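The values are calculated or read from the model by the stated rules, or taken from the named source; none is laboratory data. Quantities reported herein were computed from a predicted structural model and do not represent experimental measurements. Quick reminder, even Gly has a Cβ in these numbers, built from the backbone with ideal geometry, and neighbours come from all protein chains shown.
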Amino acid sequence: MGGFYRLLDKAELHLHLEGSLEPETLCELVPDLRPEEVAGRYCYADFDGFIAAFKWVTAVLRTPEAYAVAMKHLLARLEAENVRYAEVTLSAGVALVRGLDFGPLFEAVAGAAAQSRVEVRFILDAIRQLGADHARQVARLAVERAAEGVVAFGIGGIEALGPAEWFAGVFGFVKDHGLHVTVHAGETVGPESVWSALRAGAERIGHGLRAAEDPALVAYLAEHDIPLEICLSSNLALKLVPSLKAHPARQLFEAGVPLTLNTDDPAMFHTTLVREYELAERELGFSPEELRRVAANGFRYSFRSPRFAAA
């Protein structure tokens, strides 16, 4: 069935460039680095361990040339999987914290994207635990690049340390300038985090698996056509579910909540988008026809689709 999912036209909406660096790419960028060291870093006991590994990876990306290499390798893999459209998240907040000039970094990835057959848009991401002032800086970077392929602003980082309410004003600012908002929520914190993100202005929810714990929230997501960006391998690797069979994606789908399938940080979670579809079929009982609908959702709920045109 892998061939079927490889040939299927797909979109990916939750994909971090920094988390796409395969060990060989890291070794290309840092010749002294050994593959076994990367393999050791790409193992985590929990979410905090993943955050530590993500910080280590981002330390490698310090030049426009490194960003361009990362983007070219990512796009080559997406093309091979017949991914037609991708919204790639750039951790602009991390770049600011590291004192990097974001402009040349963005120009590098945008230039690489222009050479690909994959249609690419960008989401700029802030570190939520650093608060609203930090997020506002990232939001300004996003707004300044709205004509250069940036379609949205998001917040990531440690969910419990940065409640979405802090950022309602920032979300309003980017929306006033024609951009969209996606929020990591309901990943490591419960349904109240998703409610908070929605009240603050989120239009899509990154992960959102814990929404399943609140029937009223599930009904709200279905009624208001609010999509979840589901990342199966990520959730399993970070021990947010005890097994894939226990993942609530099937429950949410049957309740009418719009779902998309995504890789999150594909290299760091040892996955591909084709593999996510295969796992959904094998472990969660999705039929090929149902997964065609999920694949179509990737285009329908992209931020360049008519679904969000009036938002």
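Observations on the model:
- Being part of a loop (DSSP other than H, G, I, E, B), in contact (Cβ under 8 Å) with a residue 24 or more places away in the chain and buried (at least 24 other Cβ atoms within 10 Å of the Cβ) holds for only one residue in Ala202, Ala135, and it is Ala202.
- Pick from the stretch 6-25, criterion touching a Leu at 6+ places or on another chain (Cβ under 7 Å) and of a type outside the set (S, T, N, Q), ranking: farthest from Ile51 (Cα to Cα): Lys10
- Criterion: in contact with a strand residue (DSSP E or B) (Cβ under 9 Å, 6 or more places away or on another chain), more than 13 Å from Leu8 (Cβ to Cβ), among the hydrophobic types (A, V, I, L, M, F, W, C) and modelled with pLDDT of 95 or more - qualifying residue of Leu240, Leu291, Leu273: Leu240
- Of all residues in the stretch 22-35 being free of Cβ contacts under 8 Å to residues at least 40 places away in the same chain and acidic (Asp, Glu), the one that is farthest from Met71 (Cα to Cα): Asp32
- Where a residue in the stretch 207-218 is buried (at least 21 other Cβ atoms within 10 Å of the Cβ) and its partner, wherever it lies, is aromatic (Phe, Trp, Tyr) and assigned to a helix (DSSP H, G or I), with Cβ under 8 Å and at least six apart: Leu217/Trp195
- Restricting the stretch 65-124 to residues that are assigned to a strand (DSSP E or B) and of a type in the set (Asp, Glu), the residue that is surrounded by the most Cβ atoms within 10 Å (Cβ to Cβ): Glu87
- Verdict on Val69 being of a type in the set (Val, Ile, Thr), over 16 Å from Gly156 (Cα atoms) and touching a strand residue (DSSP E or B) at 6+ places or on another chain (Cβ under 8 Å): no
- Extreme residue, farthest from Leu261 (Cα to Cα), among residues of the stretch 17-35 that are among the acidic types (Asp, Glu) and surrounded by fewer than 17 Cβ atoms within 10 Å (Cβ to Cβ): Asp32
- Qualifying residue in the stretch 235-258 (condition: within 30 Å of Asn82 (Cβ to Cβ), in a strand (DSSP E or B) and touching a Gly at 6+ places or on another chain (Cβ under 9 Å)): no
- Glu289 satisfies every condition listed in (1) free of Cβ contacts under 8 Å to residues at least 24 places away in the same chain; (2) of a type in the set (Asp, Glu); (3) within 22 Å of Gly178 (Cα to Cα) except (3).
- Of all residues in the stretch 3-16, those satisfying the criterion of being out of contact with any Phe, Trp or Tyr (no Cβ under 6 Å at 6 or more places or on another chain) and crowded, with 22+ Cβ neighbours inside 10 Å are Lys10, Glu12, Leu13, His14, Leu15, His16.
- Meets criteria (aliphatic (A, V, I, L, M), surrounded by 18 or more Cβ atoms within 10 Å (Cβ to Cβ), in contact (Cβ under 8 Å) with a residue 60 or more places away in the chain and assigned to a helix (DSSP H, G or I)) for Val38: no
- Of everything in the stretch 232-244 that is more than 18 Å from Leu273 (Cα to Cα) and without any contact (Cβ under 8 Å) to a residue 60 or more places away in the chain, the residue that is nearest to the chain's Cα centre (by Cα) is Val241.
- Residue ID - surrounded by the most Cβ atoms within 10 Å (Cβ to Cβ), chosen from residues in the stretch 146-177 that are within 19 Å of the chain's Cα centre (by Cα) and in a loop (DSSP other than H, G, I, E, B): Gly162
- Scanning the stretch 1-21 for residues that are over 29 Å from Val150 (Cβ atoms), among the small types (Gly, Ala, Ser) and touching a residue at least 24 places away in the same chain (Cβ under 8 Å) returns a single hit, Gly2.
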